[in-house]
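Beneath this line is the structure, given in structure tokens, with notes to follow.
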Amino acid sequence: MKITLEEVQATLQIAKLNEEDLNPTIHCLSFGENVSSADYCLMELDDTLCKHIEAGQSLVIRGDKDERAVLCSCDKTYDLRIANTSNLLLFVPGCKTPDQLPITQDRACVVHAEIWGFCNSYWEPRKQRPKLKKLKKLLMENPYAGVPLAGQEESKENRYTMQDLLERIQASEEEIKNHLVTIHACQIDGCWCGLDFDYEMKLLSHVTQLVDSESWSFNKVPLQTSLEELAPLEPREMIEHCLNCYGRRYTDKGEVFYALHEDKVCRGLALMLLQNAVKFNLKEFQEVWQQSVPEGMSTRLEQLKGVVLVDRASSPETISLLKVEDLPEDTLERFNLLFTLREKWTEEDITTYIQDLCGEKQTTGALLTKFARSSLQNGIKVFNSRRPVAT
């Protein structure tokens, strides 16, 4: 039975409320049949996500059963947290807010609206870093290492399409595609896989030796000639993939060229030298490294930020592999591991390994204040763990 306007007015008199002080449109709410708090989940969206939905785009919740769910747009990733409220939130389709009602209304009226659902919590998306560590792990299950030898068959297991990756990786499609480029992943028969590092270095060696033998400029390597010359050694698509990984593609007078990136080439060759060494004498490494790069290129330690750790406190000074991409994604786990590897860090050294942990509007300084303690050592500011670290 629906409440009438007269019944509403009688209730206002009992409550000693002046009808003229209230909005003339009165909403009368009633619960529908079999309404349950489990029927709906509410999510609070900021302006960016609202515009995303209004433009006809979609939002996707991603995560395996053992992972915390995240929300993804086409280019960003959001953590999902439940926010509780002491007020009961009602889901009332068709209910109008004051700004949606007529500006002028002569008479009071009753609008009946049915409650479809209710709850006392809602999902609150917060922008976060994409979780991409799993991407490389999946792609390296069966890395591509070149054309199989005669009599051997290439394994097709553990190869992933883009749709497979979207279902497994907690990141937006754009973030996944960008990271595929970063880790030099390649696409074989429509499926993505990692590139075996030794094979990648073999491809790079073919390219640099060809450039040297032809006396080409590293800033102008012709694609077509390179493919023709190296086709007897490796598949043409893999030669081009190597050029894309280590160079910049451009066109000059209708012909495609690549400008090899000095820092990327030097970095790749340094990783090759260090991959099987626990520690390397720094001075000896720098000499061997410079000798290993193509003539005309110069090596600098700045090229290795985020992949090596230099110990200047040891005698002699040493260098060893320590890649940011191999460290834990969890902030506390990352700091615990770093302080296990080295008790005290300079700000310059540790910043390289925590920069990627910074969320929106967060600084490395804020992270260090929360997870580390600073002190002076020989006049230099250093950071150590706030808690005992198991070694």
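For region 250-276, which positions are open to solvent by 70 Å² or more (accessible area, probe 1.4 Å) and in a strand (DSSP E or B)?
Thr251, Glu255
Would it be correct to say that Gly56 is farther than 30 Å from Ile169 by Cα, in a loop (DSSP other than H, G, I, E, B) and either without any contact (Cβ under 8 Å) to a residue 24 or more places away in the chain or open to solvent by less than 80 Å² (accessible area, probe 1.4 Å) (or both)?
For Gly56, the condition - farther than 30 Å from Ile169 by Cα, in a loop (DSSP other than H, G, I, E, B) and either without any contact (Cβ under 8 Å) to a residue 24 or more places away in the chain or open to solvent by less than 80 Å² (accessible area, probe 1.4 Å) (or both) - is not met.
Please indicate, with yes or no, whether at least one residue in region 20-27 is farther than 24 Å from Phe118 by Cα and open to solvent by less than 70 Å² (accessible area, probe 1.4 Å).
Yes - at least one qualifying residue is present in region 20-27.
Within region 302-322, is even one residue in contact with a Lys or Arg (Cβ under 6 Å, 6 or more places away or on another chain) and open to solvent by 40 Å² or more (accessible area, probe 1.4 Å)?
Looking through region 302-322, none of the residues is in contact with a Lys or Arg (Cβ under 6 Å, 6 or more places away or on another chain) and open to solvent by 40 Å² or more (accessible area, probe 1.4 Å).
Kindly check whether there is at least one residue in region 287-296 that is open to solvent by 30 Å² or more (accessible area, probe 1.4 Å), of a type outside the set (S, T, N, Q), more than 26 Å from Asp263 (Cβ to Cβ) and out of contact with any Leu (no Cβ under 8 Å at 6 or more places or on another chain).
no
Scan region 154-198 residue by residue and report those that are out of contact with any Cys (no Cβ under 9 Å at 6 or more places or on another chain), surrounded by 15 or more Cβ atoms within 10 Å (Cβ to Cβ) and on the phi > 0 side of the Ramachandran plot.
If the condition is that a residue be out of contact with any Cys (no Cβ under 9 Å at 6 or more places or on another chain), surrounded by 15 or more Cβ atoms within 10 Å (Cβ to Cβ) and on the phi > 0 side of the Ramachandran plot, then no residue fits.
I need the full set of residues from region 211-243 which are part of a helix (DSSP H, G or I), out of contact with any Ser or Thr (no Cβ under 9 Å at 6 or more places or on another chain) and either touching a residue at least 60 places away in the same chain (Cβ under 8 Å) or aromatic (Phe, Trp, Tyr) (or both), in order please.
Asp212, Met238
Pick from Asp66, Asp75: which is at pLDDT 80 or above, out of contact with any strand residue (DSSP E or B) (no Cβ under 7 Å at 6 or more places or on another chain), surrounded by 11 or more Cβ atoms within 10 Å (Cβ to Cβ) and in a loop (DSSP other than H, G, I, E, B)?
The unique qualifying residue is Asp75.
Within region 365-387, take every residue that is within 13 Å of Ile350 (Cβ to Cβ), assigned to a strand (DSSP E or B) and open to solvent by 50 Å² or more (accessible area, probe 1.4 Å) and give me the one that is modelled with the lowest pLDDT.
Among residues in region 365-387 that are within 13 Å of Ile350 (Cβ to Cβ), assigned to a strand (DSSP E or B) and open to solvent by 50 Å² or more (accessible area, probe 1.4 Å), the one modelled with the lowest pLDDT is Ile380.
Tally up the residues in region 22-46 that are within 30 Å of Arg107 (Cα to Cα) and in a loop (DSSP other than H, G, I, E, B), please.
Residues in region 22-46 being within 30 Å of Arg107 (Cα to Cα) and in a loop (DSSP other than H, G, I, E, B): 4 in total.
Keeping to region 39-52, report how many residues are without any contact (Cβ under 8 Å) to a residue 40 or more places away in the chain and open to solvent by 80 Å² or more (accessible area, probe 1.4 Å).
3
Which members of region 340-361 meet the condition of being open to solvent by 80 Å² or more (accessible area, probe 1.4 Å) and without any contact (Cβ under 8 Å) to a residue 40 or more places away in the chain?
Leu341, Glu347, Glu348, Gln355, Lys361
The values are calculated or read from the model by the stated rules, or taken from the named source; none is laboratory data. Given the structure is predicted, the values throughout are model-derived calculations rather than measurements. Here Cβ is always computed from backbone atoms with ideal geometry, including for glycine, and neighbour counts include all displayed protein chains. Side chains are part of the model used for accessible areas, which takes the heavy atoms of the whole protein and leaves out ligands, DNA and RNA. Shrake-Rupley method; radii C 1.70, N 1.55, O 1.52, S 1.80 Å.
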